[in-house]
Amino acid sequence: MTQQMLDEKEVDRRPGAGIRAVEVHWAVSALFLSKGYSGTTMSDIADAVGILPGSLYHHFESKEAAAVAILDEFNEDMHGLAVQLRRSGHSSKNPEARLRELCSTATSLAQRHATAVRLRAFDPPTSSSDRFRAAIHYRPAGLYRLWRSAADDLAATVPDEYFDPGMLAHALQVASIAAVTDRPSTIDSQESSRIFCDSLLYGVVEDCPDDADLDTSAPMAAVRELVAEWTLPSATDDIRGVIIAAARTEFARRGFANTTVRDVSDAAGVPMGTIYRRIDSMEALFVEIAQNYSDQVDRALHAALTTDPSAKAATLDALSFVTANANKKFREETSMMALAWSQGTEGQSSFDRTYRKSASERMSMLVEILANGFDDGTLRTACSPAVFAPHLRTMLWIPFDDHDRASMKRIRRFTRGHLLRGALPTP
């Protein structure tokens, strides 16, 4: 790592930290980001910095300690952001300006701490310390209160039955943090912030059809039929069924790379020897579960995109129906796939490559639909289609049911009222 590269990074804020400490810190961050926590070793870090492994222990006593330091820095900055905003006159601004300021600062913060955002996405390995677990699970209550207060105050000014301040605060907060892992690195964080706020406040569809028309559209009819047929992974016997159910939970909590046979054994209450006799390998078990998910969800997403792409509003509505139901029906699988990619395990099997290719093809279809909608004026032009598409994907896949156990009816109402139509009058 060159001195020029170090100069471009933030200065290490720990007391007494020198150039070597900064170099180690950023080497660890880069490796966790590219290879995942489980895929990184202390030897990898030493090689990246150009020092002997023994010298590395002067900076971190273990890989876990390095991860905790990265998480602590992010957690301190999130807490500090809430304090700073309260002291800077944030509450005196109008509600929309406060939401935009929160989204802007949170998105920038997530970009600076991309490694910590990735680490927070999964539960640590079973052998991890309580300190590591606490750092991963920390969420600043003060920051969420600012989000909710701004959304509540905005709702008081809008006579719109669709306006849902709780869901809006949740969606903007999740999107602003998640964007760092979802959007191309070439897109500026402030551009992402603007896109999220414009989309969820003013909507993306011009003259959106009413609910009755959306409910009876051709894309909706196609996806309803497919979603109704979705099934969870099946098993040839009761014991294997218990193993699959436990594996779904553990893969969702920890990701494939961090999940061991013992984790599944403990969760299932089944001896490890029995598991070895029932599965070929942990990778085969992961692929079996993920394949069942991808086959069914991909088919529904493809139907939403191809049934009638000229009906842009109906197509986006059908997409949101599929993603909302996927988050409900396949909650574990949705987390599994997100974690598999974020931990640097993509491309290591034929399934990974097939899944990534399918996702890329769907993104190309979405970009084309957006481009046509921007050209004919049926969709509001926020930026180029290629830039807007990954942001739309982020918003469609927000786990809305994480907020107050939101019902499907409430999720659909929010998506149509905010993302499609817009809850505020167009300026």
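Just so it is clear, none of the values below were taken in a lab; they were calculated from the coordinates. Note that the structure is predicted; figures quoted are calculated from it, not measured. FYI the Cβ positions are ideal-geometry reconstructions off the backbone, even for glycines, and counts take in every protein chain you see.
Full extension from ALA371 to SER92: what is 0.36 nm times the residue separation minus their Cα-Cα distance, to one decimal in nm? Present the calculation step by step, with values, prior to reporting the outcome.
Details: separation 279, 0.36 × 279 = 100.44 nm, distance 3.90 nm.
Between ALA371 and SER92, full extension yields an extra 96.5 nm.
Residue ranges 241-251, 203-213 sort as 241-251, 203-213 when ordered by packing (mean number of other C-beta atoms within 10 Å per residue, highest first). Take every Cα pair under 8 Å whose residues are at least 6 apart in sequence, average their separation, divide by the length of the stretch 248-357, and the relative contact order is 39 percent. A Förster distance of 25 Å, applied to the separation of the beta-carbon atoms of ALA212 and ASP160, puts the FRET efficiency at 0.85.
Pull up the cross-link candidates among the lysines for LYS329, meaning alpha carbon to alpha carbon under 26 Å and not fewer than 8 places away within one chain. Filter leaves LYS312, LYS357, LYS409. Annotation: for a label point projected 7 angstrom from Cα along Cα→Cβ of LYS409, residues of the stretch 207-224 with backbone N closer than 17 Å are 211-212, 215.
Run the numbers for ARG356 and ASP401: contour at 0.36 nm per residue of separation, minus the present Cα-Cα distance, in nm.
Values: separation 45, 0.36 × 45 = 16.20 nm, distance 2.56 nm.
Full extension of this stretch gives 13.6 nm more.
Exactly which GluC sites (Glu not before Pro) in the stretch 52-133 are in a DSSP loop and have at most 11 other Cβ atoms within 10 Å?
Working: sites: GLU61, GLU64, GLU73, GLU76, GLU96, GLU101; in loops: GLU61.
Hits after loop and neighbour filter: GLU61.
What number comes out for the charge environment of PHE132, summing +1 per Lys or Arg and -1 per Asp or Glu over other residues with Cβ under 13 Å away? Please report the intermediate quantities before stating the final value.
On the way: positive: LYS63, ARG120, ARG131, ARG133, ARG254; negative: GLU61, GLU64, ASP72, ASP123, ASP130.
Once positives and negatives cancel, what remains is 0.
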